[in-house]
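Single-structure report; data block below.
The values are calculated or read from the model by the stated rules, or taken from the named source; none is laboratory data. Predicted model, so just to flag it, every value in this text is computed and none were measured. Cβ atoms come from the backbone with ideal geometry, glycine included; neighbour counts cover every protein chain shown.
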């Protein structure tokens, strides 16, 4: 079990938990996965939905801070509204006596930090071309769903065994790190080199913050270091122009492929101090860096694969994923997961072979994680996979597993069904019966309406013997008309 010693461990009650302990009445702890200076991560079994999850226990100081929990709860709400095959799924903010944790997907994956630590040199442009195109697509689609990461770094970008990327902790890791910085002003933020000047100044999060972080991440992959990594980082991020990629590689004696000119310009634009000088979207970054081919070819291969699959076919099981820090990583608490059984040889050295699929609408509550269906549109998830806590909470156990915003979700295990058709038919039949009764009643009366003088004409019926068929009409029945003069 890797434990980072780069900074003092923060107090956490979860460090003393034992396997078998129940959290919020429905999560059974199985084993401690990893510790970082700001998190304790347990593998747990969701007893109600019968699935394995990673519980990221927040530091005790964060769990006791109601304002912090309110901010984290909002980020959980935003994360829970999207379902994307390349974004680590977030389920709940779990609160129990003396602790708080975030439940996320669990699977085997490694962070870029781990992948880089195993290499003897920085990446070459051809090594990461596919990764960059995929990362830009993933985050770009998240931006369309109003989801901003705020903390893109080697610890929040993961690599699956097949080479595909996953992005973890949209807004969550930054929320925790900001709380810790507020509580402990002298504590160094491990992801400070990837923060934009605007985030440093406390401005509202924006897409351009992720664009800056992307530029710093590319700088790290190609040179082994972020643009600024020593001395007064805050002052340098705010005021100092970063070196070019070529200059940093020469400084660090990195040889190999030359850096494409469009990459130099694209990264420099991303790292601009002022937002109006950065690209306006991650799609624009794809164009600036000449990555359209990498993105479109991968997307074409994915489209060809999904177009031949029947709509009602059973989709392949999607591996559940949670972020995983390296042994010496200082990653945030929400970027850690199980790497048990993941041998180094299992992870492909080739580049990812497909692009990110768009955000999808969740079709039904899942017993196991299911892949999103391919679509060209960005769709927001409108239903919550959780059951009604009032129906499923164990007797005598508080139904505290759901976030406070859970009642806003539709709940239930099945999609809503249309109703009211049978009631409409019954009402229609009743109306027709009443109409028929009224018609019969009017026909049975056989009475004439009063004349203008208030008198009624004689009632003529078939039972009157005087007017029965064959009976001559009396002469007096018809008055004689006067002769014409």
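Overview of results
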quantity: Among (1) under 26 Å from residue 69 (Cα atoms); (2) in contact with a helix residue (DSSP H, G or I) (Cβ under 8 Å, 6 or more places away or on another chain); (3) buried (at least 19 other Cβ atoms within 10 Å of the Cβ), the one test that residue 177 misses; calculated: (2)
quantity: Number of the condition not met by residue 163 [criteria: (1) surrounded by 19 or more Cβ atoms within 10 Å (Cβ to Cβ); (2) part of a loop (DSSP other than H, G, I, E, B)]; calculated: (1)
quantity: Where residue 129 falls short, out of the listed (1) in a helix (DSSP H, G or I); (2) under 28 Å from residue 200 (Cα atoms); calculated: (2)
quantity: Residue selected from region 275-284 under the condition under 22 Å from residue 240 (Cβ atoms) and in contact (Cβ under 8 Å) with a residue 12 or more places away in the chain, by the criterion surrounded by the fewest Cβ atoms within 10 Å (Cβ to Cβ); calculated: 275
quantity: Residue satisfying all of: in region 105-126; in contact with a strand residue (DSSP E or B) (Cβ under 7 Å, 6 or more places away or on another chain) and either part of a helix (DSSP H, G or I) or modelled with pLDDT of 95 or more (or both); farthest from residue 152 (Cα to Cα) among these; calculated: 115
quantity: Candidate set from region 245-261 (those that are within 15 Å of residue 289 (Cα to Cα) and in contact with a helix residue (DSSP H, G or I) (Cβ under 7 Å, 6 or more places away or on another chain)); member that is surrounded by the most Cβ atoms within 10 Å (Cβ to Cβ); calculated: 245
quantity: Residues of region 88-116 that turn out to be in contact (Cβ under 8 Å) with a residue 40 or more places away in the chain and farther than 18 Å from residue 166 by Cβ, as a count; calculated: 9
quantity: So residue 232, is it surrounded by fewer than 23 Cβ atoms within 10 Å (Cβ to Cβ) and in contact (Cβ under 8 Å) with a residue 12 or more places away in the chain; calculated: no
quantity: Failed item in (1) at pLDDT below 90; (2) surrounded by fewer than 24 Cβ atoms within 10 Å (Cβ to Cβ); (3) more than 19 Å from residue 34 (Cα to Cα), with residue 82 passing the rest; calculated: (2)
quantity: When residues of region 39-58 are limited to those that are buried (at least 18 other Cβ atoms within 10 Å of the Cβ) and in a loop (DSSP other than H, G, I, E, B), the one modelled with the lowest pLDDT; calculated: 49
quantity: Within region 202-226, considering residues that are more than 23 Å from the chain's Cα centre (by Cα) and closer than 12 Å to residue 269 by Cα, the one surrounded by the most Cβ atoms within 10 Å (Cβ to Cβ); calculated: 215
quantity: Qualifying position, being in contact with a strand residue (DSSP E or B) (Cβ under 7 Å, 6 or more places away or on another chain) and assigned to a loop (DSSP other than H, G, I, E, B), among 151, 155; calculated: 155
quantity: Some residue of region 134-148 being on the phi > 0 side of the Ramachandran plot, assigned to a loop (DSSP other than H, G, I, E, B) and touching a residue at least 40 places away in the same chain (Cβ under 8 Å); calculated: yes
quantity: Some residue of region 59-66 being buried (at least 22 other Cβ atoms within 10 Å of the Cβ), touching a helix residue (DSSP H, G or I) at 6+ places or on another chain (Cβ under 7 Å), at pLDDT 90 or above and under 17 Å from residue 26 (Cβ atoms); calculated: no
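To keep it simple, each residue is scored yes or no on (1) more than 26 Å from the chain's Cα centre (by Cα); (2) surrounded by 21 or more Cβ atoms within 10 Å (Cβ to Cβ).
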site	(1), (2)
109	no, yes
118	yes, no
133	no, yes
139	no, yes
143	no, no
